[in-house]
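To keep things clear, I will list the structure first and then write my remarks on it.
What follows draws every value from the coordinates through simple rules; no lab data is involved. Predicted model, so just to flag it, every value in this text is computed and none were measured. Cβ: placed from backbone, ideal geometry, glycine included. Neighbour counts: every protein chain shown.
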Amino acid sequence: MESAFFPWKKYLGYSLAALALIFAYSWISSPMLVSVTGQGEVTAAAETATLTFTVSANADNPQAALAQVKETSNRIKQNLATTGIPESSVYESQAAVVPASAVVQGGTGFQATVSMGIKTGQVNNLDGIINNLYSQGAAIVSQPVLTVGNIAELERQAYNMAIKDAKKKAGSVALSNLKLFRKIVLIQESQTQPSSTVTTKADTASQIENNISPDDGLIKISKVVSVSYKLW
């Protein structure tokens with residue numbers, strides 16, 4: 001009697017094994033696809049700051065306008081030297097002269113303009129430098145652009161933090177869907193870097209007061225990654 005039922009037990013075992021294989025194949029070949037966003041940000045003390053500014057002068061003739069703008073640029077360079085910024089850290093463009101009417105409607109005479117810039121390690125004194133430039137005759141001073149020497153390392157740290165954040169979010173999705181395994185199939189990233197905006201003499205004080213100008217000497221490097229996962 002027992003031997004007569006043995007083949008059925010064997011066939012039943014084969015059938016169950018086949019069903020298990022079919023289920024496993026279906027499970028492996030049809031993973032759940034999800035995309036999550038991870039963010040990472042690191043902050044570091046800036047090492048140098050770069051400011052650009054313009055100097056302009058108006059006069060009845062081109063020669064007088066050039067002489068005035070040259071006098072102002074020399075005065076600015078001499079003043080900067082007394083504050084610890086040597087002339088070697090100051091650059092100056094060739095002066096340009098145009099009719100004043102080309103700049104201001106109804107203007108008379110000529111306007112001479114020079115573009116200048118400085119690079120300094122006095123990161124904690126940027127508000128003082130900006131105010132000093134305006135007091136010496138600068139027309140428009142850009143917001144300082146801060147830099148650090150180890151920017152690549154900061155970007156790597158921000159990227160790793162963003163990936164870690166994405167991994168944590170993917171883990172939450174996997175847990176809620178009873179998925180035990182996951183695999184990264186695509187990573188897309190973006191980043192933000194310090195930027196420069198133009199300030200004017202009138203709004204410099206309010207910008208410093210509201211911490212728009214980076215006088216604290218800090219640089220923030222941010223990265224955002226979009227990571228696609230397969231979940232099983």
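Which of the pairs 183/223; 70/220; 167/220; 168/220; 77/220 have their Cα atoms more than 29 Å apart in this structure? It would help to have the intermediate numbers written out before the result.
Numbers: 183/223 21 Å; 70/220 38 Å; 167/220 23 Å; 168/220 23 Å; 77/220 31 Å.
Exceeds cut-off: 70/220; 77/220.
Tally Lys and Arg at +1 and Asp and Glu at -1 over the other residues with C-beta under 14 Å from the C-beta of residue 177: what net charge comes out?
Its environment carries a net charge of +4.
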